[in-house]
1. For the chain, what does -39500 (n - 2.57) per DSSP helix run (n ≥ 4), summed and divided by total residues, give at 222 nm, in deg cm²/dmol to the nearest 500?
2. Sort 129, 13, 107 so that the residue with the fewest other Cβ atoms within 10 Å of its own Cβ comes first and the one with the most comes last.
3. Using a 10 angstrom cutoff on alpha carbons, build the Gaussian network for the chain and name the most mobile of 66, 31, 118.
4. Under 8 Å for C-alpha pairs, at least 6 residues apart: give me the relative contact order for the chain, rounded to a whole percent.
5. Relative to the longest principal Cα axis of the chain, at what angle does helix 81-93 sit, 0 to 90 degrees, rounded to 10?
6. Just for the Cα atoms in region 7-58, what are the lengths along the principal axes, largest first, rounded to whole Å?
7. Exposure proxy check: 59, 50 ranked by fewest other beta carbons within 10 Å?
8. Give me 110, 88, 24 ranked fewest to most by other Cβ atoms within 10 Å of their Cβ, as a rough exposure proxy.
């Protein structure tokens with residue numbers, strides 16, 4: 001059976017393409033590699049795209065909330081605590097509602113993009129905390145207290 005070696009990209013449907021390009025570019029540092037009709041392809045630089053955005057009509061139904069089948073969120077890893085804190089500070093400046101959760105193996109910021117798609121920005125803390133298993137941990141933490149220099 002063939003196997004894959006990495007996630008190729010995430011494809012999201014959005015109501016306003018320019019707004020979504022600005023959001024993901026500002027939040028994650030993604031750059032546009034190509035735009036065609038109602039599509040924009042954004043990349044960190046190593047691939048044609050890490051995120052594909054497709055504009056749909058303004059009256060398209062919103063992403064479902066609650067116990068439904070479908071995408072829960074996209075997750076984006078940052079390199080260090082300083083990057084997670086900077087991301088948190090940026091989101092606060094933008095007035096974006098953020099939930100900060102320590103999972104024991106990661107520290108995560110959860111938010112919604114302008115179209116209600118779930119987004120997680122996280123720091124992997126497995127090595128720092130010498131633990132590999134999640135073990136169901138979900139506790140709040142203060143991202144503003146993260147060290148900015150390691």
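1. Values: 3 runs with 29 residues, N = 150.
Computed mean residue ellipticity for the chain: -5500 deg cm²/dmol.
2. Numbers: 129 13, 13 16, 107 24.
Final ranking by Cβ density, sparse to dense: 129, 13, 107.
3. Among 66, 31, 118, the largest mean-square fluctuation in the Gaussian network model of the chain belongs to 66.
4. Result for the chain is 21 percent.
5. Tilt of helix 81-93: around 50 degrees.
6. 32, 19, 18
7. Result, fewest neighbours first: 59, 50.
8. Values: 110 16, 88 21, 24 26.
Least crowded to most crowded, the residues run 110, 88, 24.
Each reported figure results from applying straightforward, stated rules to the coordinates on display, with no laboratory input. Remember, predicted model here, so these are calculated numbers, not experimental data. No Cβ is skipped: glycine too gets one built from the backbone with ideal geometry, and neighbour counts run over all protein chains shown.
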